[in-house]
Every structure is written in C-alpha cells, then in structure tokens.
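Here's the structure, in structure tokens; my notes come after.
The values are calculated or read from the model by the stated rules, or taken from the named source; none is laboratory data. Because the structure is predicted, anything quoted here is derived from the model rather than measured. Please note: Cβ atoms are built from the backbone with ideal geometry, for glycine as well, and neighbour counts cover all protein chains shown. The protein model used for the area step is the full one, side chains on, heavy atoms only, and it has no ligands, DNA or RNA in it. Shrake-Rupley method; radii C 1.70, N 1.55, O 1.52, S 1.80 Å.
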Amino acid sequence: MAGPVEPDGPAQPDGPAQPDRQVEPDSTARPGGPVEPIVETRDLHKSFGENQILKGIDFAVNPGEVVSVIGASGSGKSTFLRCVNLLEWPTSGQVLYHGRDVLARGYKVTNYRTKLGMVFQQFNLFNNLNVLDNCVIGQVNSLGRAKSEARERALGYLGKVGMERYVEAKPRQLSGGQKQRVAIARALSMEPEALLFDEPTSALDPEMVGEVLSVMGELAQSGLTMVIVTHEMAFARDVSDRIAFMDGGVIAEEGPPAQLFGAPEKERTKEFLARFHAG
C-alpha cells in the first residue's frame, strides 16, 4: 500500500487515443523462459458473511503491462483490487508476489503493500497536510527514507503530474482532479512495482476526468505496470495491453483490447459492451 491513508471526503466514456506503448525489456525474465508475473491470484474467493463476492479469480499482471478490469457495478471489481493489495483479506485462494504466497503464515504483509501503489476513488489525502507533505509522509514512515530525500522524490513526481505549483496547498483548496493527481503522485513517490487504480475518475465532475486520464495515459506510455478498475471504456481500450471483463464475481472473458471490444466471445461480454458501442 502506498503510504498511510485517511479519507478526504459516471464519468465521460470517451478519452483521447493513446499511441503505441513502449515498454522496456523486463529484467525478471529468465533467458529463454517466461516472464514472471509481479502479482498473480489463484482461485481467489471473497465472501462477506453469506454474500460471496469473488468466486475463484485467476489473474496475473506482468512487468510493464497495463491491464484494465471492466464490468458492471457490483461485479466484484473493486473488491478484487482490494484483495490483491490485502486491504480486504481473501476468504480463500492465493495472492502471489513474484511467486511467493503473501497470505502464507510469516509473510511480511507490510513490505508487500509498499510494493503496490493504490489510487482510490475518494483520493484519501490527509486534510491537515499540504500537498508536498501528503507525498512525503508515506515515504518516511513506511520506507524509512530521510525526509530530504523523500521531499526531493515527491517534488519530482508532483512535477510529473503537473502539481508542482501547489506544494503548499491543502486538499480543501484543490479541485477533485487536482486531488486525484496529488494522490497519483503520492503513490508514485513510493516507487512501487505496480500501481493499482480503483475507479480513479468515478468521484470527479465530468470536466475533471480528462486531466486525470491524461496523466494516467502518460504513465501507461512510460512502461509503468498498472491494473486499472474503470468504467472509462474508451480509455481502457486505448491504453491497455489486456482487458479483463468481470461478471458475477468471476473473470468472464479476458483478452487484448482489439479482441475484447471488436469480437468478444461471450454473450454477457457482448451485452455489456453493446452500451459502449451504441454510445
């Protein structure tokens, strides 16, 4: 998890097309062998009492991949993402980080959480801290970085998302889009191996959506590993290497954007995407 959090308080479907992504060769790949996923889930289940939300999810994200998870509200998308980052503890199954089960007894879960950044729907910024300190505190408290080093890194990432002019501002002085860009910079400041986005534009006014999608598109182009839960269908199609469609607590269909949007195999996928194609 990308630093401590404290709560702070339907977007437009279309977004600009993104150019082909340039991904650096993966250093974890063995010569002549397959790339090792950063994170993988096997037969992942999650229930709340008698209500079974996730019903056996097999999923993996490789270094440099951008994977979008789409589906109707209530299909289990956000619960799945929170189980990956262990903000929710799975009922059963495995969550593997570089092949090791993080649910196993004795595994240091806090270390694992620092490897996966998380960007939330509601920003989750500290109201009492300014923009810069929101991006510094997690580095100091969770990673043990010196404050001077943490400030330098935070300033760099705030510049990357276009928020360097607002370092002294408090969250209440920012628009929703600006808050979300700060939240992205905070997650990047932890320098995680992968960044998880839980419907990052769903709490924004329509006019604010574009600025956040633009930042995310640039991150995708940089080769950052990303898993994005989103209702932004055009954006998911344009920036993703792979799309996973969730329905009823399972991944009903998965594939490259051209295949999933252009020639889906499952009837339920066709029904879901029909609204996007019609719009």
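Does residue 138 fit the bill of being among the small types (Gly, Ala, Ser) and either at pLDDT below 95 or over 23 Å from residue 172 (Cα atoms) (or both)? Walk me through how you get there before you give the answer.
Numbers: among the small types (Gly, Ala, Ser): yes; either at pLDDT below 95 or over 23 Å from residue 172 (Cα atoms) (or both): no.
Against the criterion (among the small types (Gly, Ala, Ser) and either at pLDDT below 95 or over 23 Å from residue 172 (Cα atoms) (or both)), residue 138 does not qualify.
Could you say which residue among 202, 148, 214 is among the hydroxyl-bearing types (Ser, Thr, Tyr) and not in a helix (DSSP H, G or I)?
Values: 148 fails: not in a helix (DSSP H, G or I); 214 fails: not in a helix (DSSP H, G or I).
Criteria check complete, one pass: 202.
Mind counting the residues in the range 89-139 that are open to solvent by 50 Å² or more (accessible area, probe 1.4 Å) and touching a helix residue (DSSP H, G or I) at 6+ places or on another chain (Cβ under 7 Å)?
Residues in the range 89-139 being open to solvent by 50 Å² or more (accessible area, probe 1.4 Å) and touching a helix residue (DSSP H, G or I) at 6+ places or on another chain (Cβ under 7 Å): 1 in total.
Can you report the number of residues in the range 38-57 which are on the phi > 0 side of the Ramachandran plot and open to solvent by 80 Å² or more (accessible area, probe 1.4 Å)?
First pass over the range 38-57, keeping only residues on the phi > 0 side of the Ramachandran plot: 43, 49, 56.
Remaining after also requiring open to solvent by 80 Å² or more (accessible area, probe 1.4 Å): 43.
Total meeting the criteria: 1.
Kindly check whether there is at least one residue in the range 39-47 that is of a type outside the set (D, E, K, R) and outside any strand (DSSP E or B). Outline the logic, then answer.
First pass over the range 39-47, keeping only residues of a type outside the set (D, E, K, R): 39, 41, 44-45, 47.
Restricting the remaining residues to those that are outside any strand (DSSP E or B) gives none.
Among the residues of the range 39-47, not one is of a type outside the set (D, E, K, R) and outside any strand (DSSP E or B), which makes the answer no.
Out of 214, 202, report the one residue that is within 30 Å of residue 51 (Cα to Cα) and either crowded, with 19+ Cβ neighbours inside 10 Å or within 17 Å of the chain's Cα centre (by Cα) (or both).
Unique residue meeting the criteria: 202.
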